[in-house]
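Every number here is computed from the coordinates shown, using simple stated rules; none is lab data. The model shown is predicted, which means the values in this text are computed figures rather than measured ones. In this analysis, Cβ positions are derived from the backbone assuming ideal geometry, glycine residues included, and neighbour counts consider all displayed protein chains.
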Amino acid sequence: MTDQTWSDWLQLRKTLKAAVTQTAVDAINREARRAGYTLEQALVTCCANGWRGFKAEWMQQRGQQQQAPRETAYQQQMRERVAVLTPRFAAQPPKQHAGDFFREQAIEVQAQEVGGARMIGGQR
């Protein structure tokens, strides 16, 4: 473990008014191992998040949130359709946000009054 990590964690515990005891270190180490972390990784995570302790389940919950699907069922269905219909296009990585594509394709036109037009639901 680096001296910097240990120093930062001690400072955090002091700020949070949490005593530094062997029991606290052992508990964090035990939870870190359950989460697949080293003690140093757990202490770095505590410092980064301002946590006085560390629980393996917190890391599992974070992992589940990060692995949540980022596209809706409809988006997935459309992506799969594009892949079937145009495989060469679908194989390209996205270069921009989908909304940007349409903004770049906009055509500037001069607004004109259309004679004889009627409004829907009433007279003009």
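What length, rounded to one decimal in nm, is gained on full extension from Q11 through to A24, with 0.36 nm per residue of separation minus their alpha-carbon distance?
Details: separation 13, 0.36 × 13 = 4.68 nm, distance 1.47 nm.
Length difference between fully extended and current span is 3.2 nm.
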Worksheet, complete the sentence: Assertion target for T72, T5, T38, ordered by fewest C-beta neighbours within 10 angstrom first, is T72, T38, T5
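Using just the Cα positions, wrap region 3-54 in a convex hull and report its mean projected area in square nanometres, one decimal place.
On the way: hull surface 12.3 nm².
Computing the convex hull of the Cα atoms and averaging its projections yields 3.1 nm².
Full extension from A73 to K55: what is 0.36 nm times the residue separation minus their Cα-Cα distance, to one decimal in nm? Each step should come with its number before you reach the end.
On the way: separation 18, 0.36 × 18 = 6.48 nm, distance 3.29 nm.
So the extension gain works out to 3.2 nm.
Near P87, within a Cβ-to-Cβ distance under 13 Å, what is the net charge of the other residues, with Lys and Arg +1 and Asp and Glu -1?
Details: positive: R79, R81, R88; negative: E80.
Neighbour charge sum, excluding P87 itself: +2.
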